[in-house]
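S.K.: Quick one: this structure, given as structure tokens, is what I'll be asking you about.
The values are calculated or read from the model by the stated rules, or taken from the named source; none is laboratory data. Keep in mind that what you see is a predicted model, and the values were worked out from it rather than measured. So basically every Cβ, Gly included, is an ideal-geometry build from the backbone, and we count neighbours across all protein chains shown. Just the protein is used for accessible areas: all its heavy atoms, side chains included, with ligands, DNA and RNA removed. Shrake-Rupley method; radii C 1.70, N 1.55, O 1.52, S 1.80 Å.
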Amino acid sequence: SSAFPNVELRVQETDSVGVMNDIREHRADLGFVGTAVQDREISFLPFCMDELVLVTQNNDRYRKLMETEADLAWIANEPWIMREDGSGTYKETLRLFEEMGIRSDQLHVLARFSNTGAILLSVAQGSGISIVSRLAAKSQARRGDILVHPLGADGSYRQIYIATSSTTPLTDTGRDMIKLVKKMYSC
């Protein structure tokens, strides 16, 4: 970009555990995670609030369920497409299931993906339902490929963090990148 002419930007999608490992092992200067953990080698800077939402294929059956069913108990009987175990979204999904009284070990999980785009594609094709970030689902929902449903009356929000090394000082370029990202995404 013209803002950083001598900087090579590499973007890699992984789960929260992978991001933290990349920072610890100096393969990345910063990353975005959906879960902050106690870790003396990683600093977590609150970035923005994100809503986790239920996503389904856009069809008559799911439109009717979302319009007529006040609670989400029906989701326990659906096929699921999930994130992998190291994902912050997956950890938050398990917490939500517990709050709803749904035993995650009894769910019918068809597939686990490390890539949210693959999850959304599978949902759009009718393979199952999932819980993902509203931000991640935005464009497919706008196109009408999927339906998006809030989790509960107040929704289910989580903090997204910028993760950096607490043992290696962030470079000026890294600090500038954080400023740029904060400016670009006002969430």
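S.K.: Give the stretch 162-184 a look and list any residue that's of a type outside the set (A, V, I, L, M) and either in contact with a Pro (Cβ under 6 Å, 6 or more places away or on another chain) or open to solvent by 50 Å² or more (accessible area, probe 1.4 Å) (or both), or say none.
M.R.: S166, T167, T168, P169, T171, D172, T173, R175, D176, K179, K182, K183
S.K.: Now for a different question. Quick check on my filter: what residues within the stretch 16-34 are surrounded by fewer than 22 Cβ atoms within 10 Å (Cβ to Cβ) and within 13 Å of F47 (Cβ to Cβ)?
M.R.: L30, G31, F32, G34
S.K.: Among the residues in the stretch 140-150, are any within 18 Å of the chain's Cα centre (by Cα), in a loop (DSSP other than H, G, I, E, B) and surrounded by 14 or more Cβ atoms within 10 Å (Cβ to Cβ)?
M.R.: No, because not a single residue in the stretch 140-150 is within 18 Å of the chain's Cα centre (by Cα), in a loop (DSSP other than H, G, I, E, B) and surrounded by 14 or more Cβ atoms within 10 Å (Cβ to Cβ).
This table checks each residue for (1) within 20 Å of T35 (Cβ to Cβ); (2) without any contact (Cβ under 8 Å) to a residue 60 or more places away in the chain.
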{"position": "S127", "(1), (2)": "no, yes"}
{"position": "V132", "(1), (2)": "yes, no"}
{"position": "A137", "(1), (2)": "yes, no"}
{"position": "R142", "(1), (2)": "no, yes"}
{"position": "R158", "(1), (2)": "yes, no"}
{"position": "T164", "(1), (2)": "yes, no"}
{"position": "T173", "(1), (2)": "no, no"}
{"position": "D176", "(1), (2)": "no, no"}
{"position": "V181", "(1), (2)": "yes, no"}
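S.K.: Taking the conditions exactly as written (under 16 Å from W80 (Cβ atoms), in contact with a strand residue (DSSP E or B) (Cβ under 7 Å, 6 or more places away or on another chain) and surrounded by fewer than 19 Cβ atoms within 10 Å (Cβ to Cβ)), does L110 satisfy them or not?
M.R.: Considered against the rule, which asks whether it is under 16 Å from W80 (Cβ atoms), in contact with a strand residue (DSSP E or B) (Cβ under 7 Å, 6 or more places away or on another chain) and surrounded by fewer than 19 Cβ atoms within 10 Å (Cβ to Cβ), L110 comes out as yes.
S.K.: Do we find a residue being open to solvent by less than 60 Å² (accessible area, probe 1.4 Å), farther than 29 Å from V181 by Cα and aromatic (F, W, Y) anywhere in the stretch 68-82?
M.R.: The answer is yes; a qualifying residue exists.
S.K.: Still on this structure, please answer the following. Restricted to the stretch 113-135, and to residues that are part of a helix (DSSP H, G or I) and under 15 Å from E84 (Cβ atoms), which residue is nearest to the chain's Cα centre (by Cα)?
M.R.: T116
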